[in-house]
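*Asks:* This is the structure, below, for whatever I ask next.
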Amino acid sequence: MLTAVPYDEHPARKVAAGTTDEGDMRVSETTIDAAEFRKVLGTYPTGVCVITALDEGKPAGMVVGSFTSVSLDPPLVGFFPDKSSTSWPLIEKAGHFCVNVMASDQGPVCKAVTAKGEAKFVGVEYAISDHDLPVIADSIAAIECKLYSVTEAGDHWFVLGQVLRMETVREDEPMLFHRGRYGSFAEKM
């Protein structure tokens, strides 16, 4: 049985080392080790998506593991590109993008999209949608969006897209990212 506890009485608000008498957390920027942060958060598996757009008629894209649904009304989705990404400015400039949900057998697609220079997108099959977006062949789903907002979030951007069109392309197992590696579900239970 769950019991509701008033926020001010919640155990997380109790005075402890690193808090004030009011219970406000005072975390120094140096208290979290970056390597440990990545290691701990790496224990949480995520799906893998390729965000695509056209840049002067050529496909631009980036692999993300941070894709999420945000709102039903209006229909919004989000992801978090690194500020150092060279692909994100091209996608942002386009003003709209496609979220391609990767299947477990699409490791070569992710490798091609993360390649540098002329090697980027070599061997990746895609079609151009009615919204002028590259939709990767054999992805599990394609979600076409217009850029809704971009907000600074530490060393990343929080990108929101308003869904214009979406489709399930094929029924298959999704690609997962866990502890720095791509993978898939184990045998179904």
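Here, each number is a calculation from the coordinates, and none is a lab measurement. Not measured: the values here are computed from a predicted model.
*Asks:* Count the lysine pairs in the stretch 21-148 whose Cα atoms sit under 25 Å apart, keeping only pairs 8 or more residues apart in sequence or on different chains.
*Replies:* For the stretch 21-148, qualifying lysine pairs total 19.
*Asks:* Tell me, what is the percent relative contact order of the stretch 109-169, built from C-alpha pairs under 8 Å that lie six or more residues apart?
*Replies:* Details: 82 pairs, mean separation 14.4, N = 61.
Dividing the mean separation by the residue count of the stretch 109-169 yields 24 percent.
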